[in-house]
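Engineer: Quick one: the structure is below, questions incoming.
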Amino acid sequence: MSNDTTPPTDAIYDLAEAEDAALASKHTKPISQGRLVLRRFLRHRGALVSVVVLFTIVVVAFTSIGFAGIPGWWDKSYLAAGNVIDGGRPTLSLIPTWLGGDGIRWGEHPFGQDNTGKDYFSLVMVGTQRSLIIAFVVGLVATTIGAVMGAVAGYYRGWVDNVLMRITDIFIVIPLLVLAAVLGKIAGSAGGGIFALALMIGLVSWTGLARLVRGEVLSLRERDYVAAARSTGASSFRIIFKHLLPNTIGIIVVNATFAIGGAILLESSLSFLGWGVQPPDTSLGLLISTYQGAFTNRPWLFWWPGMIILVIVLAVNFLGDGLRDAFDPRQTRKWSPRRLERLRAEKGLS
């Protein structure tokens, strides 16, 4: 038996088909492609853990301090200053007493206090809200623009493709951070708030997806079902949005998750440099920037927003990996020797 765990390139498609057939054979009723994608996703442990982590962060951030006028379960305001207790140290403890810790307790100020006595848990939660809103708006805007631009360029080709791809090249050659900083400064000067900032970042973050969708559409437009749609008199608009884009949904969804993770980091960088979210509003990046000087004497003011950024980005990337494997298991699937031999035997491959 060979120790090589990577199947030959020409056998990867057959192995993926064999796995789908094995999944389908366990049920008497036919399984749709969507169900197969879901089953593959549910078998990706990292992605499932990431979903739980992201869901927990979103729920805690939006329910603790409330949102859009709806009160939350946390009784302290991020705007209210007070007396600094015990140097503002966090009261949260996760180490049991039998391990030498202070026991499991939440305390009055679990994330500590800043130098004015504000509850830092409230500040971090409102910063998490703002950063998540910006990230999801950027993901939506960038995904929409990139998918449409790529689909139109790939379908029409010719001068339309040349014009749209040259526009894409212009955005690519300019450093993203510089371009986003200029647009973020404009959004801040206009007083548009976090939604204007998110829109500006989304307008410069779509280039990678546009190229991927274009490449996929260039292949799909030659398929028989596209020719059949043309022969029945379907308009180009219908062919693009009814037939081509739905068949690139895997690429779109996966890259949307990566765009959200990238938006979190980009917004944090801009806010840290002073070109993103502006006071009195706040975000995770702005909290790091505001309290960077406290890293030596009160490091928790720096750790909490930094750790939440790290956790969100890692979770989103693991989620993207799971979606990529679910939509196309041939890309990064790791085949164990036993499973590889079994699938080869099922397909009659040497």
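The values are calculated or read from the model by the stated rules, or taken from the named source; none is laboratory data. Just so it is clear, the structure is predicted and the values come from calculations on it, not from any experiment. Virtual Cβ from ideal backbone geometry, glycine too; neighbours counted across all protein chains shown. Please note that ligands, DNA and RNA were not included when accessible areas were found on the heavy atoms of the full protein model with its side chains. Shrake-Rupley method; radii C 1.70, N 1.55, O 1.52, S 1.80 Å.
Engineer: Return the residues of the range 226-280 that are under 19 Å from Gly202 (Cα atoms) and among the small types (Gly, Ala, Ser); say none if nothing qualifies.
Structural biologist: Ala256, Ala259, Gly261, Gly262, Ala263, Ser268, Ser269, Ser271, Gly274, Gly276
Engineer: Name the residues in the range 88-97 that are part of a loop (DSSP other than H, G, I, E, B), touching a residue at least 24 places away in the same chain (Cβ under 8 Å) and open to solvent by less than 50 Å² (accessible area, probe 1.4 Å), would you?
Structural biologist: The answer is Pro90, and nothing else.
Engineer: With the condition being surrounded by 12 or more Cβ atoms within 10 Å (Cβ to Cβ) and at pLDDT 80 or above, I'd like the helices (runs of 4 or more DSSP H) fully within the range 1-87 carrying at least 3 qualifying residues.
Structural biologist: 33-42, 45-64
Engineer: Just one of the numbered conditions (1) open to solvent by less than 30 Å² (accessible area, probe 1.4 Å); (2) in contact with a Ser or Thr (Cβ under 9 Å, 6 or more places away or on another chain); (3) assigned to a helix (DSSP H, G or I); (4) not basic (Lys, Arg) is not true of Phe318; which one?
Structural biologist: Exception for Phe318: condition (1).
Engineer: Is it the case, given these coordinates, that Ile174 is open to solvent by 80 Å² or more (accessible area, probe 1.4 Å), of a type outside the set (S, T, N, Q) and free of Cβ contacts under 8 Å to residues at least 40 places away in the same chain?
Structural biologist: no
Engineer: From the list Val141, Val148, Val126, Val160, which residue is in a helix (DSSP H, G or I), at pLDDT 90 or above, open to solvent by 10 Å² or more (accessible area, probe 1.4 Å) and touching a Phe, Trp or Tyr at 6+ places or on another chain (Cβ under 8 Å)?
Structural biologist: Only one candidate passes the filter, namely Val141.
Engineer: Moving to a separate point now. Here is a list of conditions, (1) open to solvent by 10 Å² or more (accessible area, probe 1.4 Å); (2) within 30 Å of Leu212 (Cβ to Cβ), and Ser131 meets all of them except one; can you say which number that is?
Structural biologist: (1)
Engineer: Oh, and also: Read through the list (1) under 17 Å from Met200 (Cβ atoms); (2) touching a Ser or Thr at 6+ places or on another chain (Cβ under 9 Å); (3) small (Gly, Ala, Ser), then give the number of the only condition that Ala153 fails.
Structural biologist: (1)
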